[in-house]
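Enquirer: Structure in structure tokens, see below.
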Amino acid sequence: MRERLSGNEAVAVAMRQINPDVVAAFPITPSTEVPQYFASFVANGKVTTEFVPVESEHSAMSACIGAQAAGARTMTATSSAGLALMWEMLYIASSSRLPVTLAAVNRALSGPININNDHSDTMGARDSGWIQLYGETNQEAYDNFIQAVKIGEHKDIMLPVMDCFDGFITSHAVENIELIDDDKVKAFVGEYKPEFYLNNKKHPIAVGPLDLPIHYFEHKRLQAEAMRNAKKVILDVAAEFEAMTGRKYGLFEEYKMEDAEVAIVVLNSTAGTAKFVVDGLRERGVKAGLIKIRVYRPFPVEEIAAALSKVKAVAILDKADSFNAAGGPVFTDVTSAMYGRADGVKAISYIYGLGGRDVKSTDIELVYERLLSIVESGDIGEIYNYLGVRE
């Protein structure tokens, strides 16, 4: 079914189609519309969900944890400082193995205060134990959210999942998308049937107890193993999703990488601009390519190293700065993956688009020109770079 929806409304529609047991949320720009649209579905009787309006994002995630621990399929949405206010509870959700689904609408994290898009919020949460999926378009935000539920609830995973997409650029822009029939979505995600939950009188458990050194390390190791297992489950779920919709998803998208000599690695909506640039370069005979990461946690180490091993130079673009004097977070993950697997490839880091700074096709062209210069001269020059900033 073809519709014209914003990214936020598309995700709210996915939530309606799934009809979760509980949604707990607090409004924050630019994710406010997700619970706002969903609240109208609750008010109109289109879902049977218990909607919990709370007093803060910390309370929102706390309520989600309590509901999910009780055996309820639970969802929420947030952005920026709202995600930061959830910080403590993000770790509680993942360590308690509670598959909450969160629409993370990317926005710059203060300060100074900024309501526009970059990835500093979810990048700050990248090591909190949540699976992270990133989407370029409204269609991908919708598709990823539906898949996220099935991924997180898999018996070998039982981890929370973030569906990350760009604030305003994706969340508020209206695009044509293909919606799946309601009955197909419900059949795809199935019913939530956890093995252990608080309301199960036959098998009483404790959730969130004091975990002393005699057990803590083993629990964290099991959590890490679940994240390792997630890569296969993500691909299995994607294969099921493709069979249902015809839309194919992987750990990342390779765009014109078959014979690429130079490439960039990027997340979310900027990939659309970069694809336009790649097409233009290809028309001029330049062997340019692009990798758009979809699954950032777990990080596809072997796969991304293999994809980049054939190029001569690569630039990794980060819409967040690690302030580590070494490069952005995606850059450090990609180069770590390449170490010992794609050592001959020259790699540079670019920080771009912070606080919603516009990223033009001419900016991306400059990156490819730099890569071509590196290939020609063999001189990599400065590794840690900024794109589109007034120095």
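Taken together, the values in this text are just the output of simple stated rules run on the coordinates, not laboratory data. Just so it is clear, the structure is predicted and the values come from calculations on it, not from any experiment. Because the Cβ atoms are built from the backbone with ideal geometry, glycine has one as well, and the counts that use them run over all protein chains shown.
Enquirer: Quick check on packing: order 178-191, 3-16, 279-292 by the mean number of other C-beta atoms within 10 Å, highest mean leading.
Expert: Sorting 178-191, 3-16, 279-292 by mean packing, highest first, produces 3-16, 279-292, 178-191.
Enquirer: Suppose only helical runs count, i.e. DSSP H with n ≥ 4. What mean residue ellipticity at 222 nm does that imply for the chain under -39500 (n - 2.57) per run, divided by all residues and rounded to the nearest 500 deg cm²/dmol?
Expert: -13000 deg cm²/dmol
Enquirer: Continuing with the same structure: Excluding residues on the same chain fewer than 8 positions from Lys201, give the lysines whose Cα lies under 25 Å from its Cα.
Expert: Lys155, Lys193
Enquirer: Could you work out how far apart the two model spin labels at Ile380 and Lys220 are, taking each label as a point 7 Å from the Cα in the direction of the beta carbon, and quote it in nm?
Expert: Once both label points are built, they end up 3.1 nm from each other.
Enquirer: Further, regarding this structure: For the ranges 36-47, 81-92, what's the packing order if you count other beta-carbon atoms within 10 Å of each residue, average per peptide, and put the highest first?
Expert: Put in order of decreasing packing, that is 81-92, 36-47.
Enquirer: So for the chain, Kirkwood radius off the Cα pairs, Stokes-Einstein at 4 °C and 1.567 mPa s: how many µm² s⁻¹?
Expert: Once the numbers are plugged in, D ends up at 61 µm²/s.
Enquirer: Moving on. Only bridges with both residues in segment 252-387 count here: give the DSSP antiparallel percent, nearest 5.
Expert: Here the antiparallel bridges make up roughly 15 percent for segment 252-387.
Enquirer: Something else now. Find the eigenvalues of the gyration tensor of the Cα atoms of segment 1-117, then list the square roots of 5 times those eigenvalues as equivalent ellipsoid semi-axes, largest first, in whole angstrom.
Expert: Equivalent-ellipsoid dimensions as semi-axes: 21, 20, 11 Å.
Enquirer: Here's something else I'd like to know. Would you mind putting 121-133, 295-307, 162-174, 378-390 in packing order, based on average other-beta-carbon counts within 10 Å, highest first?
Expert: 162-174, 121-133, 295-307, 378-390
Enquirer: Working from the alpha-carbon coordinates of segment 35-190, get Rg over Rh, Rh being the Kirkwood radius.
Expert: Computed over Cα atoms, the ratio is 0.94.
Enquirer: While we're looking at this one, here's another question. Using 1/(1 + (r/R0)^6) with R0 = 35 angstrom and r between the beta carbons of Phe51 and Asp156, what's the FRET efficiency to the nearest 0.05?
Expert: The pair Phe51/Asp156 has a calculated efficiency of 0.70.
Enquirer: Which of the three applies to segment 252-387, rounded, prolate or oblate, going by the alpha-carbon gyration tensor with a ≥ b ≥ c and a/c under 1.5 meaning rounded?
Expert: Rounded, since a/c falls under 1.5.
Enquirer: OK, next. Looking at this model, which pairs from Lys184/Lys220; Lys150/Lys346; Lys232/Lys256 are more than 28 angstrom apart at the alpha-carbon?
Expert: Lys184/Lys220; Lys150/Lys346
Enquirer: Based on Cβ point charges of +1 for Lys and Arg and -1 for Asp and Glu, what charge dipole magnitude is obtained for the chain about its Cα centre, in debye rounded to the nearest 20?
Expert: So the magnitude is around 560 debye.
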